Amino acid sequence: MAAAMTDDVPSPSFTTIQPGNWLGLLGGGQLGRMFAMAAASLGYRVCVLDPDPASPAAAVCEHHLQAPYDDEQALAELGQRCSAVTVEFENVPASALRRLAERVFVRPAADAVAVAQDRVFEKRFMVAQGIDVGPHRLVDRIDDLLRAHDGLFPAILKTARLGYDGKGQAAVATREEAVDAWSKLGRVACVLERRLALLHEVSCIVCRGADGAMTTYPVIENQHRNGILAVSIAPARVSPQVAAHAAQLARRIAAALDYVGVLCVEMFLVDEERLLVNEIAPRPHNSGHFTIDACAASQFEQQVRTLAGMPLASPAQMVPAVMLNLLGDLWFRRGERREPPWRRALEVSGAKLHLYGKLEPRLGRKMGHVTCLGASVADALERAVAVAAELGIEPPQ
Ligand code: ADP
Ligand code: MG
């Protein structure tokens, strides 16, 4: 694009969008809400496109286009009003992003989102880049399952598209179970992955500007329950070598995708030093919520800055942190609906509560999170254990 420009016209990738202008957001869940709050702090106005009248982001945005993500008219209006548009979750149709990109900056670009929204593309991309991933086989026909290596079992069968929080996945002990599960998943394109024994799960959040500048947050240690993130600990309790390797992998992936924005790389640590890339998310990530309270700038501020062509902020972590996710389950005790005991939880020193304004608590639904700050990881963990006890959720490990 820059090559076609004359000298007196700056390359659009270096254009700065000044505060006061409109930024657009496709998707209005909690990630969009935290983006909108960061954008407002920097003086931007935010317009969100989301079909849900009770969208958590819409409640804090100046304008809400309430329409489906592929609604032509709403997309046109978003493109007209805004100087740049970003996505809140990876399942926004890449075609909608391509159309928007004809008139405004879209960051991250549709091509990068397309890799992250399809596990088959994602695996092919990692393999092509020479990045280690776990043993797997791409599945598009029954033969792929019948011919899969015996060593892949026990396995997890994951649909290529539209999975999140463990949805669209089946644990399968044998080939027969895999064939059966594939039918139940609708015989769509899938990835069959060997179920690995994990020492730790970690993630690394990398921010990359339109000028190619990059920065990473400290590596995060993640604990999942039922396929949903439950706890994030930052910095991760891994060796400096593993932390450096994780950051290097995240940078390599962001650069290879020519990515602009905030990207999260989820990784498995399978022994003391071996990291395998699990998946990537083309946006701020649940494991990075601690950055709001613990870092010089949050992952959402970085998302705003990269979108607006502003310089990256320092990701320096000022204080160790442990984040607990708050699921809708917390609102139900012994079958009774209750309001969780916030007062008691907030009496724990260093506990910071974030609620997403969702009206309807449901089992497994992400309603908010608590970040516990401490003088050390051990101290933050102790406080998180205290908060978990007050709220009646499983303690972090
Ligand atoms: P998503 O986050 O999109 O639901 P993931 O592929 O990240 O899907 O899977 C969710 C969680 O399931 C992972 O964070 C991990 O705890 C577990 N998991 C996924 N794949 C494997 C695997 N191959 N071996 C062991 N555990 C896995
Ligand atoms: Mg995941």
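Brief remarks follow.
- Set Arg161, Arg103, Arg98: member being within 16 Å of ligand 2 (Cβ to nearest atom) and within 30 Å of Ala308 (Cα to Cα): Arg161
- Any hit, the stretch 156-172, residues being more than 25 Å from Arg252 (Cα to Cα), open to solvent by 50 Å² or more (accessible area, probe 1.4 Å) and either among the aromatic types (Phe, Trp, Tyr) or without any contact (Cβ under 8 Å) to a residue 60 or more places away in the chain (or both): yes
- Flag for Glu90 being of a type in the set (Asp, Glu) and part of a helix (DSSP H, G or I): no
- Matching residues in the stretch 223-264 - criterion: being surrounded by fewer than 23 Cβ atoms within 10 Å (Cβ to Cβ), at pLDDT 95 or above and polar (S, T, N, Q): Gln223, Ser239, Gln241, Gln248
- A count restricted to the stretch 354-397 and to residues that are surrounded by fewer than 21 Cβ atoms within 10 Å (Cβ to Cβ), small (Gly, Ala, Ser) and in a helix (DSSP H, G or I) stands at 3.
- For the stretch 269-286, filtered to residues that are open to solvent by less than 10 Å² (accessible area, probe 1.4 Å) and within 12 Å of ligand 1 (Cβ to nearest atom), the residue that is nearest to the chain's Cα centre (by Cα) is Ala281.
- The residues on offer are Arg343, Arg333, Arg365, and the sole one that is in contact with a strand residue (DSSP E or B) (Cβ under 7 Å, 6 or more places away or on another chain) and not assigned by TED's automatic domain parsing to the domain that holds Leu229 is Arg365.
- Test: residue in the stretch 317-325 that is within 30 Å of Ala110 (Cα to Cα), at pLDDT 95 or above, open to solvent by 40 Å² or more (accessible area, probe 1.4 Å) and not assigned by TED's automatic domain parsing to the domain that holds Met37: no
- Whether a residue is touching a residue at least 24 places away in the same chain (Cβ under 8 Å), away from ligand 1 (no atom under 12 Å from the Cβ) and in contact with a Phe, Trp or Tyr (Cβ under 6 Å, 6 or more places away or on another chain) was assessed, and Ala178 does not pass this test.
- Test: residue in the stretch 245-266 that is more than 16 Å from Val133 (Cβ to Cβ), under 18 Å from the mean Cα position of the chain (by Cα), within 16 Å of ligand 2 (Cβ to nearest atom) and among the acidic types (Asp, Glu): no
The values are calculated or read from the model by the stated rules, or taken from the named source; none is laboratory data. Remember, it's a predicted structure, so these values are computed and weren't measured experimentally. All Cβ positions, glycine included, derive from the backbone under ideal geometry; neighbour counts span all protein chains shown. To get the accessible areas, we keep the full protein, side chains included, count just its heavy atoms, and leave off ligands, DNA and RNA. Shrake-Rupley method; radii C 1.70, N 1.55, O 1.52, S 1.80 Å.
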